[in-house]
1. Any chance segment 340-359 includes a residue that's within 16 Å of the ligand (Cβ to nearest atom), open to solvent by 10 Å² or more (accessible area, probe 1.4 Å) and farther than 25 Å from Pro175 by Cα?
2. Which condition breaks for Glu268 when tested against (1) in contact with a strand residue (DSSP E or B) (Cβ under 9 Å, 6 or more places away or on another chain); (2) within 15 Å of the ligand (Cβ to nearest atom)?
3. Which one of these does Ser337 not meet: (1) open to solvent by 30 Å² or more (accessible area, probe 1.4 Å); (2) out of contact with any Pro (no Cβ under 9 Å at 6 or more places or on another chain)?
4. Restricting the search to segment 277-318, which residues are within 16 Å of the ligand (Cβ to nearest atom) and not aliphatic (A, V, I, L, M)?
5. Restricting the first residue to segment 123-149 and requiring it to be under 22 Å from Asp165 (Cα atoms), which pairs with a second residue that is hydroxyl-bearing (Ser, Thr, Tyr) and within 14 Å of the ligand (Cβ to nearest atom) meet a Cβ separation below 8 Å and a spacing of at least six or different chains?
6. Looking at segment 226-248, can you tell me whether even one residue there is among the aliphatic types (A, V, I, L, M) and within 16 Å of the ligand (Cβ to nearest atom)?
7. Being farther than 22 Å from Arg243 by Cα and not basic (Lys, Arg) is true for just one of Ala333, Ala393, Ala360. Which residue is that?
Amino acid sequence: MKEGAIVDRRTALARLSSVVAAGASWPKLISKSRAEDSGRRTGRAVRARVRKIATEEAFVIPEVAAALREVAQKGGPSLDLKLMNLIYNSASASTFEIQTPTTPPPTNRDAYARTLLPRLLDLEEHRLAEMDANGVDVHLLSLATPGVQMFARGKAIELATLANDRLSEVVGRHPKRFAGLASFAPQDAAAAAKEMERAIKTLGLNGFIVNSHTDNRYLDDQRFWPILEAAEALDAPLYIHPRPPSDGMAAPFADYRMEGAIWGYGVETGTHVARLMLSGVLDRFPKIRIVIGHMGEALPYWLWRLDYMASPGSRAALRNKLKPSEYLQRNFAITTSGLDDPLALRYAIDKIGIDHVMWAIDYPFQSTPGSVAFIENASLSDTEREQVAYRNAERIFRIS
Ligand code: MN
C-alpha cells in the first residue's frame, strides 16, 4: 500500500516501527544536513545540535477521547465542540493516514484532522519515532484541550486521576524522553488540590495543566483559589493552555471559525492572564508560577500599554498592587508553542528576559520539523538558544 493510504492503526504502527528500526541513522543524517545547510547560509562554522525539550505537547487517553466524543454528540453552545467534533466524533476516528516521521501534516483541514486522534493517542511508537527523526529529546506531555473540564464533576475527577496515572507510567518507562503536566478537575477545587498534591508527591510529575476557563469562569474566581494555593504550596508551575472563548465572549468568533488557534485561543487566554493580574489574586498568591504558550498570548507586545493603563494609582488599576509587567516578571514564563516566528521570539526575549522563554512545538497540532528548524535557525547566541531550547525548561519544570 502506498503512503497516504488509510490503514488501521495497528498495521500502521507496526509498519512505522519497522521502518524506524531499519533506519536508525535518520536522526543523525537529518541533523547533520540541516546544520550544514544553516552553516552554508550564514557562513558560520557548523553548530552542534542543541538539546531540545518541547514544553506544550498534547496527548489523550482512550477513555478521555470516548468521553469527549459523548460530550460532542450531546451538542451545546460551547465553541469547543467544533474541534472536538472534528477530532473525536468523525467517521475517521479509528483510522489514520500513515506518514513518515518527517512528512509535514497535510494542509487540507479534514485530512489534517484525521491525523490528530491517532497522534494524540500514541505515545511510544509514532511519537518517539518522530521525535528521533527530528532531533527532539523530550516531550513535556499534557492532556489535550479541553482536558476534563467539560465533564460532570465526578467523571472529571475520575478521568483526571486516570490520565495522570497513565502519564506517570509512560514517563516511568521513558524517563529521558517524556516529562508530564498533571490534569485536575477545576469543577471541584478541593479535589483538584488533592490530585495536584498526589501528582507531585506520589507520581513525580512536573507541574499542572489547565485549559483556561471552567464553567465559563476564570481562575481569579474565589472558588478556584484552592487550586492556586496548591500550585503555590507545591512550588510547581501551572500551565494555562487555551480553550476557545467562553460562552459570554463567543459570538464574534463563531461565524468565521475564529475560535481556535487562529485568534480565539490567544484572545481568550490573554484575557484570562489580564484578569489574574488585575484582580489582585497574584498578590494573594505571590509565589505562584504560571506558564503560558504561543509566545505569551500577545501580552509581551501589549505590555507597555497594560502598564500605562493599569500601574497602581492609575485609572484601570482597581485591585492590583504591582504593574502588569512586574507580575509578568515575577510569576510568568512563556513558551513558543505554535508561533515559529524568529522576530516575535527576539522581541519576547528582549521584552521579558531570556530566563522566561521556552521552546515548544504544540504537537500534534503543528509541525515538528517546522518548530525544530525555527529554534535551530533563529537569530540567537549559542547561550540564548540553549536557554530557550532546554535549560529554562529543565529549571522551571525540574526536568533532568
Ligand atoms: Mn497546545
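1. Of segment 340-359, the ones within 16 Å of the ligand (Cβ to nearest atom) are 340, 358-359.
Add one more test, that the residue is open to solvent by 10 Å² or more (accessible area, probe 1.4 Å), and what stays is 340.
From the residues that got through so far, the ones that are farther than 25 Å from Pro175 by Cα too are 340.
Yes, segment 340-359 has at least one match.
2. Tallying (1) in contact with a strand residue (DSSP E or B) (Cβ under 9 Å, 6 or more places away or on another chain); (2) within 15 Å of the ligand (Cβ to nearest atom), Glu268 fails exactly one: (1).
3. (1)
4. Gly293, His294, Gly296, Glu297
5. Arg127/Tyr363; His139/Tyr363; Leu140/Thr55; Ser142/Ser183; Ser142/Tyr239; Leu143/Ser183; Gly147/Ser183; Val148/Ser183
6. Within segment 226-248, one or more residues are among the aliphatic types (A, V, I, L, M) and within 16 Å of the ligand (Cβ to nearest atom).
7. Numbers: Ala333 fails: farther than 22 Å from Arg243 by Cα; Ala360 fails: farther than 22 Å from Arg243 by Cα.
From the options Ala333, Ala393, Ala360, the qualifying one is Ala393.
Per-residue answers, yes or no, for (1) open to solvent by 10 Å² or more (accessible area, probe 1.4 Å); (2) assigned to a helix (DSSP H, G or I); (3) in contact (Cβ under 8 Å) with a residue 24 or more places away in the chain:
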residue: Gly296; (1), (2), (3): no, yes, yes
residue: Trp302; (1), (2), (3): yes, yes, yes
residue: Pro312; (1), (2), (3): yes, no, no
residue: Ala317; (1), (2), (3): yes, no, yes
residue: Lys321; (1), (2), (3): yes, no, yes
residue: Glu326; (1), (2), (3): yes, yes, no
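The values are calculated or read from the model by the stated rules, or taken from the named source; none is laboratory data. Every value quoted in this text rests on a predicted model; they were computed, and no experiment measured them. Glycine gets a Cβ as well: all are built from the backbone with ideal geometry, and neighbour counts include every protein chain shown. Side chains included, ligands, DNA and RNA excluded: accessible areas come from the protein's heavy atoms. Shrake-Rupley method; radii C 1.70, N 1.55, O 1.52, S 1.80 Å.
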